[in-house]
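In what follows, a single structure is set out as structure tokens and then discussed.
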Amino acid sequence: MRRLKDYCRLLAWQTGVSYLLLWAVTVWALDEGATVFGKSGVCYPDEAKVLFYWVCETASPYSILASVVNFALTATVWAPVYVAAATAQPDALVIAVPIVILHLVGLPLGIFVLIRMMVTALDLRRRVGSGGDPPKPAAQASPQESLEAASIEGAAIQAAAAPAVSAPPVVSAPVAAAAMPARRIAPPPPVKKIKARGEFGLRRPERA
């Protein structure tokens, strides 16, 4: 199943890229085709056909390029003409149906590939623009830098391993005296006066 997904992804990418290349060839043919084929001396427009095509001599290598350009023009620029002709002439369905399928499949895949390529390009540009100098490898670092890095790393490990103990805040003497309220000295409790024994109404025994 995974291999099937990989094959489908590869096929989708190839189809999207081919569709984009098809339009690139069409734009190039409309822009530079007359200059390239006109100055070759072996190519000329096909006057036997109603639509515009290039015809080159068979022995010339331009014939291969002319075939590619004619196919791109048929599938892109002249596609509406063939589709409209298929409604009146059934013989044109042989060309119109593949053209319609090509655009139905190739257009969404081409847009998908174009978006993915733009996202990748923007991501690469962002990484290149925000990235600084690459770090030196360990083999090229000087011994002093290696020793400093090792000491810093060891200190960081010890700091992470040690328990976090929060020291009490140090308060100066005047501040502490001002912060603490003054104590009041409580007076001693009153001494209760004990009455004499004769005051309780007890009679002393009389001696004879």
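Determine if the range 56-65 includes at least one residue that is closer than 30 Å to ALA12 by Cβ and either touching a residue at least 12 places away in the same chain (Cβ under 8 Å) or hydrophobic (A, V, I, L, M, F, W, C) (or both).
Yes - at least one qualifying residue is present in the range 56-65.
Please specify each residue of the range 28-70 satisfying the condition of being outside any loop (DSSP other than H, G, I, E, B) and charged (D, E, K, R).
Across the range 28-70, the qualifying residues are ASP31, GLU32, LYS39.
Quick grid of which residues meet (1) exposed (fewer than 10 other Cβ atoms within 10 Å of the Cβ); (2) modelled with pLDDT of 55 or more; (3) basic (Lys, Arg):
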| residue | (1), (2), (3) |
| --- | --- |
| MET117 | no, yes, no |
| ALA121 | no, yes, no |
| PRO143 | yes, yes, no |
| VAL170 | yes, no, no |
| ALA179 | yes, no, no |
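Failed condition for GLY110, given (1) more than 30 Å from LEU10 (Cβ to Cβ); (2) touching a Leu at 6+ places or on another chain (Cβ under 9 Å); (3) at pLDDT 90 or above; (4) not basic (Lys, Arg), with all others met?
The failed condition is (1).
The values are calculated or read from the model by the stated rules, or taken from the named source; none is laboratory data. Predicted model, so just to flag it, every value in this text is computed and none were measured. For neighbour counting, all protein chains shown are included, and Cβ atoms are generated from backbone atoms with ideal geometry for every residue, glycine included.
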